[in-house]
Amino acid sequence: MTITKRDADAVRVLRGLEDDSSSVRLRAALAAGTTPDPRFVAGLVRRSAVEPEFFVRDMLTWALTRHPVSMTLPALLREARSDHAQARSQALHTLSKIGDRRAWPAITPSLLSDADDEVARSAWRAAVVLVPAGEEASLAAELATQLGRGERETQLSLSQALIALGDVIVPVLLAATTAPAPRVRTHALATQRLLHDPDAGFEGAVEEAKRVAVLDGTGQEGR
């Protein structure tokens, strides 16, 4: 059987995705996105689940967005249910970049509250992109259950996701400002401030939230 140049190029790309050199993997991902081929999808998804370098993962995501959604969506939805945290996180990240709302049912409460912070953050970002019209308030309520979670970077990601939903978050934030947990109250107050003053900066919003809590008599807030 004659092997065409296209076949040879496809083999080269797929091998490149598994190369020990990150620069070779980066070039392979770039080639896969520059000249999309159905044969690349499985390899791109598989590599995304294990790729250690951020800049290569970013290129893998870009390459997947260059392929037809009919090919990438089923594979990514399977990955979102993987036992491996990076596979879930990268699949969700790529789904958010593709932006096809048929993926919305995959954004489950278990992913939005995933024990792995990177998975949860990817799920939050994907959720606000994919949420159908009319379901924003329900999503806001679900996201609000994660207020107070994690360190500053994680909390900022959640605040940004909530703020992207708009004014529907006002009632859930108001309720959270009286929550028993100090971290939840602080995070809710900081998110409220960012909603009304996007230029405040998250650190400044947190410090202001702590001052408000003290003035309100609720005590010094947790970190």
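Throughout, read-outs are computed from the coordinates displayed, never taken from laboratory work. Since the structure is predicted, the reported quantities are computational estimates derived from the model, not experimental observations. Backbone-built Cβ (ideal geometry, glycine too); neighbour counts: all protein chains shown.
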Problem - Per residue, the convex hull volume that the Cα atoms of the range 78-177 enclose (Å³) - result: 87 Å³
Problem - Descending principal axes extents, the chain, alpha-carbon based, whole Å - result: 79, 36, 31
Fill in the blank from the handout: Rounded to one decimal in Å, the inverse mean reciprocal Cα-Cα distance for the range 13-92, i.e. its Kirkwood radius, is 12.1 Å
Exercise for the section: Please report Ser70, Ser82 as a ranked list, fewest other C-beta atoms within 10 angstrom at the top and most at the bottom. Expected result: Ser70, Ser82
Exercise for the section: Between Val56, Val13, Val24, find the one with the highest GNM mean-square fluctuation for the chain; connect C-alpha pairs within less than 10 Å. Expected result: Val24
Practice task
Could you sort 127-134, 191-198, 88-95, 3-10 so that the peptide with the highest average Cβ count within 10 Å comes first and the rest follow in order?
Solution key: 88-95, 191-198, 127-134, 3-10
Exercise for the section: Provide the FRET efficiency to the nearest 0.05 for the Glu151-Ala179 pair, computing r from the beta carbons and using R0 = 22 Å. Expected result: 0.70
Practice task
Fewest Cβ neighbours within 10 Å first, please rank Met59, Met71 accordingly.
Solution key: Met71, Met59
Problem - Segment Ser23-Val170, extension gain: residue separation times 0.36 nm, minus the distance between their alpha carbons - result: 48.3 nm
Handout entry: Cβ charges +1 (Lys, Arg) and -1 (Asp, Glu), total dipole of the chain, debye
Key = 680 debye
Fill in the blank from the handout: So, relative contact order of the chain in percent, Cα under 8 Å, 6 or more apart, is 11 percent
Fill in the blank from the handout: Stretched fully, the stretch from Arg15 through Thr65 gains (0.36 nm per residue minus C-alpha distance, one decimal, in nm) 16.0 nm
Problem - Part-to-part distance (alpha-carbon centres) for the range 165-196 and the range 66-105, which is given in Å - result: 30 Å
